[in-house]
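Novice: This is the structure I have questions about; it appears just below.
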Ligand SMILES: [Fe+2]
């Protein structure tokens, strides 16, 4: 398994795959209008902001994470920690976490409140790459993102994003365990990281990324060579155990990511589409960046 000539694991022998030919995306223009209006009203969150301390970045790019909130929280003095505690949604959890040595933030024991994130940004300059983040299906742990057990679309998503919810439900998954909108403000970039260790993966996690405005450039980063492979288009899939990041651009960008388990017939179509793309690439060498 892997992408020939690279250090990437990829999906079916490719660094990424456009799913545009395999999906009905006729609703995407209307979804785009709906998302932009909804984001103006929804209680969006920040995400990212601790990729370096999570140990999921390539060594040579660690500085690009700028100020990491877990490092900042570890260095708070008593007075600052009292402020941090006071901004929690439930300050008693912060007390317990401190007593028991628990960690704060995503994929850790105690989530940060929106107020804590803003304070960490304003007071210490923490860099949160995704500043307009909305979980249409809230999901607590990364390892459960394919599993719908105990989850549902939020009421706000159902009322403000009905076309988006309908599109997500129409995608060729047998089940969906996570659905979110990931927005970056103008000039921000998504720090390069990977979502799991490649050696721990038996097959690529299944998800679909939609970018209705086609203006968000996600790229794969090959640790072996330092090469970047840019993606494009309105619907795509890649291996999130490969390093990936988002290029900066001078305007707001977002994508919608839906995680779950592909229907077997769709997986088969994806596999044969990937085979076709690989054949095209091998007959036209040098086109690896644009499957
Ligand atoms: Fe990621």
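The values are calculated or read from the model by the stated rules, or taken from the named source; none is laboratory data. Since this is a predicted model, take the numbers as computed values, not measurements. Cβ: placed from backbone, ideal geometry, glycine included. Neighbour counts: every protein chain shown.
Novice: Quick one: count up the residues across the stretch 201-222 that are within 15 Å of the ligand (Cβ to nearest atom) and over 24 Å from residue 30 (Cα atoms).
Specialist: 7
Novice: If we keep just the residues of the stretch 224-239 that are more than 15 Å from the ligand (Cβ to nearest atom) and in contact with a helix residue (DSSP H, G or I) (Cβ under 9 Å, 6 or more places away or on another chain), which is farthest from residue 250 (Cα to Cα)?
Specialist: 226
Novice: While we're looking at this one, here's another question. Is it the case that residue 153 is farther than 13 Å from residue 253 by Cβ, modelled with pLDDT of 95 or more and within 13 Å of the ligand (Cβ to nearest atom)?
Specialist: So residue 153 does not fit the description; no.
Novice: Does the stretch 82-105 contain at least one residue that is touching a helix residue (DSSP H, G or I) at 6+ places or on another chain (Cβ under 7 Å), at pLDDT 95 or above, surrounded by fewer than 19 Cβ atoms within 10 Å (Cβ to Cβ) and within 26 Å of residue 196 (Cβ to Cβ)?
Specialist: The answer is no; no qualifying residue exists.
Novice: Got a sec? Which helices (runs of 4 or more DSSP H) wholly within the stretch 54-156 have at least 1 residues that are under 21 Å from the mean Cα position of the chain (by Cα) and within 30 Å of residue 260 (Cβ to Cβ)?
Specialist: 69-74, 114-124
Novice: I'd like to know if the stretch 253-261 contains one or more residues that are under 16 Å from the mean Cα position of the chain (by Cα) and modelled with pLDDT under 95.
Specialist: No, the conditions are met nowhere in the stretch 253-261.
Novice: Hey, any hits in the stretch 247-265 for a residue that's within 26 Å of residue 52 (Cα to Cα) and free of Cβ contacts under 8 Å to residues at least 24 places away in the same chain?
Specialist: No, the stretch 247-265 contains no residue that is within 26 Å of residue 52 (Cα to Cα) and free of Cβ contacts under 8 Å to residues at least 24 places away in the same chain.
Novice: On the basis of being within 14 Å of the ligand (Cβ to nearest atom), touching a residue at least 24 places away in the same chain (Cβ under 8 Å) and touching a strand residue (DSSP E or B) at 6+ places or on another chain (Cβ under 9 Å), does residue 243 make the cut?
Specialist: Here the answer is yes, as residue 243 does meet what is asked.
Novice: Now a separate question. Based on this model, can you work out whether residue 248 counts as surrounded by fewer than 20 Cβ atoms within 10 Å (Cβ to Cβ), at pLDDT 95 or above and assigned by TED's automatic domain parsing to the domain that holds residue 23?
Specialist: Against the criterion (surrounded by fewer than 20 Cβ atoms within 10 Å (Cβ to Cβ), at pLDDT 95 or above and assigned by TED's automatic domain parsing to the domain that holds residue 23), residue 248 qualifies.
Novice: Take residue 185 and tell me if it is within 24 Å of residue 43 (Cα to Cα) and at pLDDT 95 or above.
Specialist: Here the answer is yes, as residue 185 does meet what is asked.
Novice: Separate question: For the stretch 180-198, name all the residues that are within 24 Å of residue 249 (Cβ to Cβ) and either touching a helix residue (DSSP H, G or I) at 6+ places or on another chain (Cβ under 6 Å) or within 14 Å of the ligand (Cβ to nearest atom) (or both).
Specialist: 180, 182, 184, 189, 190, 191, 192, 193, 194, 195
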